[in-house]
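Notes follow once the structure below has been shown.
The values are calculated or read from the model by the stated rules, or taken from the named source; none is laboratory data. Given the structure is predicted, the values throughout are model-derived calculations rather than measurements. Cβ placement follows ideal geometry from the backbone for every residue including glycine, while neighbour counts extend to all protein chains displayed. SASA here: full protein model, heavy atoms, side chains in, ligands and nucleic acids out. Shrake-Rupley method; radii C 1.70, N 1.55, O 1.52, S 1.80 Å.
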Amino acid sequence: AIRSNNINAFENDAEGNLWIGTGQGLYILDTQDRLMSMNDYIVSASQESADDNVTDILYAQEDKIFFATSDRGVGEIDVKSGTVRYNVPEGNAAIPFHNLLLDADGRLWAGSVNNGLYRLDADRNRLVSRNPIRELSNQSIANLLTVDDEIWLTTDNDLVSFRDTSDVNDPEVFCYVSDMDVNFSSSASLLIEDTLVFGATEGVF
């Protein structure tokens, strides 16, 4: 099935397994070169099977795999127990998500398509809208990365950096440049020493 599938994302876990995000679900290529779908991997037969469009995958050091989907929020697999659950946005479970990030404090962030930025409230199993700039709430998050304790993101043509240290106060914004002359490419960002590099329509930014 994977041969005719669209491959969107890759991620390795601590055991060396390769996780593959596709247009028809999540697959695992283990260290013995065995390929299985997430439906084969999860242990509970009562859990929902999933053939979601998986757009990004993130391995967390506590042996969790997070994966962004186009219509079911952000999935979360416990690698040790082989169980899965879905974290959905408050009030709208159908928001498509594009990219994932763990910040310096271990909190999960998810960039959406046309609905801005979300942060996972793990206690409530919910994704909460958390936009450092109000104008981001109806935009797509093209790139999402962290440098030390700052989060950097781009939309199509905006660049924002901020620090989020409180559940009450607004995030502290350090950089906000709007309506730039370049359009940022999706998932094209890299930290090289002390320089952030973004792919854009006009080359490298």
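Numbers for the structure displayed
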| item | result |
| --- | --- |
| Alpha carbon Rg of the chain, scaled by the compact-globule rule 2.2 N^0.38 Å | 1.02 |
| Neighbourhood net charge (13 Å Cβ-Cβ; Lys/Arg +1, Asp/Glu -1) for residue 9 | -3 |
| For the chain, size of Cβ-based charge dipole, Lys and Arg +1, Asp and Glu -1, in debye | 640 |
| Selected from 15, 193, 150 as most flexible by GNM, with the chain as the system and alpha-carbon contacts under 10 Å | 193 |
| Net length gained if the chain between residue 6 and residue 18 were fully extended (0.36 nm per residue, minus Cα distance) | 2.7 nm |
| Equivalent-ellipsoid semi-axes of region 118-205, from the Cα gyration tensor, Å, largest first | 23, 14, 12 |
| For region 10-148: relative contact order, % (alpha-carbon pairs under 8 angstrom, 6 or more apart) | 15 |
| Antiparallel bridge percentage (DSSP; both residues within region 21-140; nearest 5) | 95 |
| Gyration tensor verdict on region 90-131 (Cα atoms; rounded if a/c is under 1.5, prolate if a/b is larger than b/c, oblate otherwise) | oblate |
| Student exercise, region 52-117 dipole from Lys, Arg, Asp, Glu Cβ charges, in Debye to nearest 20 | 80 |
| Dipole magnitude of region 142-184, debye to nearest 20 (Cβ charges: Lys/Arg +1, Asp/Glu -1, about Cα centre) | 80 |
| Within a Gaussian network of the chain (alpha carbon springs, distance under 10 Å), most fluctuating of 171, 89, 132 | 171 |
| Within the chain, longest stretch clear of exposed trypsin sites (Lys or Arg not before Pro) (DSSP loop, no more than 16 other Cβ within 10 Å) | 125-205 |
| Rounded Å value of the spacing that divides the Cα centres of region 77-133 and region 140-205 | 18 |
| Whole-percent carbon and sulfur share, accessible surface of the chain, 1.4 Å | 43 |
| Average accessible area per residue (Å²) across the chain - probe 1.4 Å, nucleic acids and ligands excluded | 52 |
| Convex hull per residue volume in Å³, alpha carbons only, for region 132-180 | 74 |
| Rg/Rh ratio calculated on Cα atoms of region 52-115 (Kirkwood radius) | 0.96 |
